[in-house]
Amino acid sequence: MAKILHKAKLGQFLEGLRPQYKVVAPLQQGNKKTLGDLDLAQLEVGYSGKSRFPPKEYLFPESETLFTFEISGQEETVVIKEHLSETKTVIWGIRPCDLSGIKVLDTVFLSDTIDTYYQARRSNTLLLGLNCNEAEKACFCSSLAAGPFAHEGFDLVFTDLTDEFLVEIGSKAGEMLIKEDTALFSNATSKHEENAKLLEEKGKSSFKTWLDIKKVKAKLTSAFNSPIWDEQASKCRICGTCCFVCPTCHCFNIEDLRRSKKLVQRMRYWDCCQFSGFTQMATYNSRASQGDRWRHKIYHKFSYMPSKYNGLTGCTGCGRCIDLCQGSINIVEVLGRVVNG
C-alpha cells in the first residue's frame with residue numbers, strides 16, 4: 001500500500017536514516033542543484049528540474065582505488081589488498097531518467113563478467129526516486145520511456161502532491177525503511193493515488209523536446225557515412241562534459257600509480273570516448289578524427305548497446321548533454337536531422 005509523508009517531515013525521515021546509512025540528497029548550492037551528503041539547511045524538499053550531475057558517481061565513482069600492492073616486512077612480501085566499498089548509502093530525490101540510467105549501469109556492470117567494485121556499492125545502496133511533475137526544456141525522457149514518472153527500479157519513489165508526498169514501495173528494503181519510522185507515514189487514499197495519476201498525465205504533456213527513437217535506430221543503419229558527424233564535431237570542444245554528466249556513460253581507464261618505494265595503487269577513473277587518446281594505440285588510432293569519435297558515441301548509445309543488451313538504449317533523455325555542452329551541440333536536433341535526412 002502506498003504511503004503519505006508530509007513534506008515538513010522529509011528532513012526528519014532522512015535524518016533518521018543517518019545512524020545506518022550515508023544519506024545523499026539534492027542540495028541547493030548557489031544557483032545550482034547538486035547531490036551531496038544530507039544537509040538539512042540546503043535540502044531541496046520540493047525542487048524542480050534535476051541535479052547538475054547524475055547519481056552514478058555514488059555507484060561508479062569518478063576515481064577509485066581498486067587495490068594496492070605493498071611490500072611488507074623484512075622478507076619484503078608483496079601484500080595485495082582489494083578495496084571494496086562497504087558503505088551503506090541511501091540516495092533520495094533520484095529522477096526517473098537517472099533511475100533508468102542506473103538500470104543501464106546495472107546491465108553493463110552486473111552481466112557477463114561482473115564488476116565486483118560496482119556490485120559492492122550497488123548492493124549497499126538504496127534508491128529513493130522522485131517523480132517529475134513538469135519537464136524542463138531539454139528533457140526528452142518520455143521519448144525513451146524513462147519518465148516523467150518511474151514505475152520500476154526504485155526502493156521507494158516519491159510524488160510531490162504540493163504539501164505532501166505520495167510514497168510508493170518498490171522493494172522489501174524500501175518497505176523496511178518505512179517500517180523503521182512508521183509514525184511519520186500514513187496510508188494513502190484512492191484520492192491521493194488519483195491525484196498522482198493526474199500529475200503524471202500533466203507531466204507527459206509538458207515536454208517541449210521529442211525524439212522518435214524507433215526512427216533513429218532504423219535510420220542509423222544507413223547514416224554511418226553522413227557528413228553530419230564531421231559537421232557536429234567541428235563544434236565540439238573535446239571537454240568530455242557530455243560523457244561526465246551522462247547517467248549512462250561508463251567508460252573508464254585503469255592506471256598503476258607508485259605512491260612510494262613500497263606502495264603502488266591501481267586506480268580506476270572515468271574516461272571519455274571523445275578524447276583523442278581514448279582509442280590511441282602504439283602506432284594507430286582506430287578513431288583518429290573527432291567526427292569518428294562523435295559518430296561512435298551516437299552509435300554506441302543508439303545502435304551497439306541496444307544490439308548487445310536486448311534493446312536497452314544508452315540514453316535516458318535527461319537532457320544534461322544539451323544543457324551543458326560547451327559547443328552548443330543539441331543531440332536531439334542532430335538525430336532529428338538523421339531521421340529526416
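The values are calculated or read from the model by the stated rules, or taken from the named source; none is laboratory data. As the structure is a computational prediction, the values presented were derived from the model and not from experiment. Every residue, glycine among them, receives a Cβ derived from its backbone with ideal geometry; neighbour counts consider all protein chains shown.
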Matching residues in the range 108-144 - criterion: being surrounded by fewer than 18 Cβ atoms within 10 Å (Cβ to Cβ) and either modelled with pLDDT under 95 or β-branched (V, I, T) (or both): S111, D112, T113, I114, T116
Residue by residue through the range 122-143, note down the ones that are among the charged types (D, E, K, R) and within 14 Å of the chain's Cα centre (by Cα). R122
Hits in the range 257-287 - residues which are closer than 25 Å to C321 by Cα and either in contact with a Cys (Cβ under 6 Å, 6 or more places away or on another chain) or crowded, with 16+ Cβ neighbours inside 10 Å (or both): R268, W270, D271, C272, C273, Q274, F275, F278, R287
Considering the range 243-283 alone, what residues qualify as being in contact (Cβ under 8 Å) with a residue 40 or more places away in the chain and polar (S, T, N, Q)? T248, Q265
Scanning the range 105-144 residue by residue, those part of a helix (DSSP H, G or I) and acidic (D, E) turn out to be D106
Taking only pairs six or more apart or across chains, which ones have beta-carbon atoms under 7 Å, a first residue in the range 213-242 that is closer than 18 Å to L312 by Cβ and assigned to a helix (DSSP H, G or I), and a second residue that is aromatic (F, W, Y) and at pLDDT 95 or above? V216/F302; K217/F302; L220/Y299; L220/F302
For V90, the lone unmet condition from (1) among the aliphatic types (A, V, I, L, M); (2) more than 24 Å from C251 (Cβ to Cβ); (3) over 18 Å from the mean Cα position of the chain (by Cα) is (3)
Which ones in the range 125-179 are in contact with a Lys or Arg (Cβ under 7 Å, 6 or more places away or on another chain) and among the hydroxyl-bearing types (S, T, Y)? S142
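Looking only at the range 19-28, count every residue that is free of Cβ contacts under 8 Å to residues at least 60 places away in the same chain and either surrounded by 13 or more Cβ atoms within 10 Å (Cβ to Cβ) or within 19 Å of D98 (Cα to Cα) (or both) and tell me the total.
Narrowing the range 19-28 to residues free of Cβ contacts under 8 Å to residues at least 60 places away in the same chain: 19, 27-28.
Next cut, either surrounded by 13 or more Cβ atoms within 10 Å (Cβ to Cβ) or within 19 Å of D98 (Cα to Cα) (or both) only: 27-28.
Residues that pass the stated criteria total 2.
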Which pairs turn up if I take residues in the range 1-18 that are modelled with pLDDT under 95 and look for partners that are of a type in the set (V, I, T) and not in a helix (DSSP H, G or I) with beta carbon separation below 9 Å, at least 6 apart in sequence or on another chain? M1/I169
Of all residues in the range 105-116, how many are free of Cβ contacts under 8 Å to residues at least 24 places away in the same chain and under 13 Å from the mean Cα position of the chain (by Cα)? 1
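List the strands (runs of 3 or more DSSP E) inside the range 145-211, counting only whole elements, that have at least 1 residues being at pLDDT 95 or above, small (G, A, S) and under 23 Å from E44 (Cα atoms).
Values: elements: 156-160, 164-169, 185-187.
The strands (runs of 3 or more DSSP E) meeting that bar are 185-187.
Only one of G311, G336 is farther than 21 Å from K103 by Cα, of a type outside the set (A, V, I, L, M, F, W, C) and surrounded by fewer than 18 Cβ atoms within 10 Å (Cβ to Cβ). Can you tell me which? Write out each step before concluding.
Values: G311 fails: farther than 21 Å from K103 by Cα.
The match here is G336.
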